[in-house]
Amino acid sequence: MHKAAMHAPEPNHCASCSLHKLCLPTGLQESDMQRLDKIIGRRRKVQRDGNLYRMGDPFTKLYAIRVGHFKTYQINSAGEQQITGFQMPGELLGMDAIGAGRHHCGAVALEDSEVCEIPFAKLEELFADIPTLLRHFHRLMSQEITREQNAMLLLGGMRAEQRLAVFLVNIGARYAARGYSSSKFQLRMMREDVGNYLGLTIESISRMLSRFKKEGFLKVSNREIEVLDPVRLKEVAAGTAHVH
């Protein structure tokens, strides 16, 4: 009993974290996971509305979200904030800064949150010894690029109702990957933030949610969303169905 306890993963380590199947340690052998554990720095708590980093800050670390949700933003030429994405537990923040060495965007906590700090120079050293880690990191970067491209498409030619439907389908799928319901979840961001991200006014968001409710495929209570007809929502997201 005592021996087993000695070999059990410590509560602060990757192996004991419920998110390790989404985060960097995906597919690693136990010995490699222990090496990754050794380079991970402190856990950092970020209070609601607190900055994890700001635009222009020098890049030295990646951040794995352990608890809570974040939004990333840029300031456009008019001095206005443009939200570029929302991040949830198991996702990495800071990858946009790898090339330039400075953060292109800022990251703000949507609620009291906690991240694991990963010094990037030490992570790069591990890449040479652990090809599985490097492959998985490339996969994460590819997913991040795809997500940014999808966001650009979202803000491009899509009708307003389609943008909102795509957003809700995407959030639901990401919660499902974490073992939660894809059809019943709470939006952690304000409607104003959703509108900013989708390029829509709060009035437009409220009006479309009302129409989705009226057609019977969505139930909305404050920030609680329940998808009653996921097939219909996906049809609206795909542009093959419209709401009246």
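Only the coordinates and a few stated rules stand behind these numbers; no lab work does. Since the model is a prediction, treat every value here as computed from it, not as a measurement. Positions of Cβ are backbone-derived with ideal geometry, glycine not excepted, and every protein chain shown enters the neighbour counts.
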Task: By average C-beta atoms within 10 angstrom, highest first, the peptides 158-168, 141-151 - done: 158-168, 141-151
TODO: Could I get the Rg over Rh figure for the stretch 124-231? Both from C-alpha atoms, Rh via Kirkwood, rounded to two places.
DONE: 1.09
Open item on the list: Less than 14 Å from a label point 7 Å out along the Cα-to-Cβ axis of Lys219: which backbone N atoms in the stretch 186-206 qualify, by residue?
Closed with: 186
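Any idea what the alpha-carbon Rg over 2.2 N^0.38 Å comes to for the stretch 2-153? Can you show the working numbers first?
Values: Rg = 16.1 Å, N = 152, 2.2 N^0.38 = 14.8 Å.
The reported ratio for this selection is 1.08.
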TODO: Would you please name the trypsin sites (Lys or Arg not before Pro) within the stretch 30-111 that are DSSP coil residues with at most 10 other C-beta atoms within 10 Å of their C-beta?
DONE: Arg42
Open item on the list: Going through the cross-link list Lys71/Lys214; Lys184/Lys213; Lys21/Lys219; Lys45/Lys219; Lys184/Lys234, which pairs have a Cα-Cα distance over 25 Å in this structure?
Closed with: Lys71/Lys214; Lys21/Lys219; Lys45/Lys219
Open item on the list: Let's test the formula: R0 of 22 Å, r as the Cβ-Cβ distance of Arg42 and Glu124. What FRET efficiency results, to the nearest 0.05?
Closed with: 0.65
TODO: About the Cα centre of the stretch 2-153, how large is the charge dipole given +1 on each Lys and Arg Cβ and -1 on each Asp and Glu Cβ? Please answer in debye to the nearest 20.
DONE: 220 debye
